[in-house]
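Everything on this sheet refers to the single structure shown next.
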Amino acid sequence: MTEQELSKRIKEGNREAFGALYRLYAPYLYNLILRYVPDRETAKDVLHDAFIHSYEQIGKYEYRGEGSLKSWLSRLFVNEALMHLRQAKRISFVPLNEDVCSEGPAWDEIDEEEVARIPIEDLQTMVAALPEGYRMVFNLFVVEGMSHKQIASLLGINEKSSSGQLARAKQRLAAEIKKWYKTHEI
């Protein structure tokens, strides 16, 4: 069944189609939520709430080609994860004048080929270990492709804070990547 057929059937109230949607996208969306809500049990709760919200909001979805349903769900689920963190007052950002690491490699010293040779699980662990604000901005900017203006609006911070959190995240990741290479032979 195509995304277009699936979304049409869900809009018509077909519960089997919604079950198919869940089976098709739940693993991907759960991993997406884990980028923002690292506690697995809480992430499952957010996943559940987000699916309920998606069912309520499906009428607003417009098919725009294959992949548009997955993109729409991804935005909705990221927003649900961030809303959960805001309500739990769990979003914290490292002040820009703190945690300044003048030592260590800069992000632009990291070769893309070096990063590509690191197993994805190890990279995900590195990103997950970032302070919360760094991790959120990094994921929203690098993975979700949002601009600093969009991130600032979404998180209730200014654009300079967004770019500063991203710079610090990249600096930390660069240090972790260099450290990884010192402990692994490739």
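The values are calculated or read from the model by the stated rules, or taken from the named source; none is laboratory data. Note that the structure is a prediction, hence the values are computed from the model and not measured. All Cβ positions, even for glycine, are placed from backbone atoms using ideal geometry, and neighbour counts span all protein chains on display. Each accessible area value is taken on the protein alone, full model and side chains, heavy atoms only, with ligands, DNA and RNA left out. Shrake-Rupley method; radii C 1.70, N 1.55, O 1.52, S 1.80 Å.
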Out of the residues in the stretch 135-167 that are open to solvent by 50 Å² or more (accessible area, probe 1.4 Å), assigned to a helix (DSSP H, G or I) and within 17 Å of residue 124 (Cα to Cα), state the one that is modelled with the highest pLDDT.
141
Quick one: is residue 186 modelled with pLDDT under 90 and either among the basic types (Lys, Arg) or more than 29 Å from residue 114 (Cα to Cα) (or both)?
no
Looking at the stretch 13-25, can you tell me whether even one residue there is open to solvent by 10 Å² or more (accessible area, probe 1.4 Å) and within 28 Å of residue 126 (Cα to Cα)?
yes
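State yes or no: is residue 86 at pLDDT below 90, open to solvent by 60 Å² or more (accessible area, probe 1.4 Å), closer than 19 Å to residue 137 by Cα and in contact with a helix residue (DSSP H, G or I) (Cβ under 6 Å, 6 or more places away or on another chain)? Steps first, answer last, please.
Values: at pLDDT below 90: yes; open to solvent by 60 Å² or more (accessible area, probe 1.4 Å): yes; closer than 19 Å to residue 137 by Cα: yes; in contact with a helix residue (DSSP H, G or I) (Cβ under 6 Å, 6 or more places away or on another chain): no.
No, not satisfied.
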By residue number, the members of the stretch 27-43 that are outside any loop (DSSP other than H, G, I, E, B) and surrounded by 15 or more Cβ atoms within 10 Å (Cβ to Cβ) are 29, 30, 32, 33, 34, 42, 43
Can you spot a residue in the stretch 34-44 that is small (Gly, Ala, Ser) and either under 20 Å from residue 138 (Cα atoms) or in contact with a His (Cβ under 8 Å, 6 or more places away or on another chain) (or both)?
yes
